[in-house]
1. Scan region 21-59 for residues that are more than 22 Å from residue 145 (Cβ to Cβ), modelled with pLDDT under 80 and in a loop (DSSP other than H, G, I, E, B) and jot them down.
2. Does residue 8 satisfy the condition of being over 17 Å from the mean Cα position of the chain (by Cα), assigned to a helix (DSSP H, G or I) and at pLDDT below 90?
3. With respect to residue 62, determine if the residue is closer than 23 Å to residue 158 by Cα and not hydrophobic (A, V, I, L, M, F, W, C).
4. Would you tally the residues in region 36-58 being without any contact (Cβ under 8 Å) to a residue 40 or more places away in the chain, surrounded by fewer than 17 Cβ atoms within 10 Å (Cβ to Cβ) and of a type in the set (D, E, K, R)?
5. Out of region 114-162, which residues are of a type outside the set (A, V, I, L, M, F, W, C), free of Cβ contacts under 8 Å to residues at least 60 places away in the same chain and out of contact with any strand residue (DSSP E or B) (no Cβ under 9 Å at 6 or more places or on another chain)?
Amino acid sequence: MMRIVALALMLLVSACGLRPLYSNGEGGKVAQALRTVDVAPIDGKAGWLMRNALNDRLGRDRAVTAQYRLEVELDDTISGFGVRRDDAVTRERRTLRARYRLVDATRGTVLLDATAGSDAGIDVVSSEYATVAAENTALERLSQIIADQIVARVALYAERQTPDK
């Protein structure tokens, strides 16, 4: 009985119209399109982390002429929200927001204009070094999360725009 139910579920899932975004792996149209995205320089430490995370995920092939340019503007804020009676902050929230544009490298037209963002909570402890280290770790983690969001959205765009070969 269990096998029949499992088989029925497999048939239902295959008929739902979902298909893998990265079909054919490295040779698929989405992966090939992502390798032609050049990430423009981004200001600051957060920008350096974000650009590296994006380049890692995109797998830019420098031997191929860039078809797209990804422009990213970051907004990085830290705000205290846990306050003791003596007005000392005990908790912080680091928020990283990115506005990004996918631009056609030859024509200069904006193909995709969107935002991504995430935040992280940070405990403020008596050691200033530990608090700064936690803030830096949060920034690194947020850069990774937002890079994932951006690449997923660019991959969806590429999948919808690139004709099947």
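1. 23, 24, 28
2. Criteria met by residue 8.
3. Working: closer than 23 Å to residue 158 by Cα: yes; not hydrophobic (A, V, I, L, M, F, W, C): yes.
Taking the combined requirement at face value, the residue satisfies it.
4. Qualifying residue count for the region: 1.
5. 126, 127, 128, 129, 136, 160
The values are calculated or read from the model by the stated rules, or taken from the named source; none is laboratory data. What you see is a predicted model; the values in this text were computed from it and never measured. Positions of Cβ are backbone-derived with ideal geometry, glycine not excepted, and every protein chain shown enters the neighbour counts.
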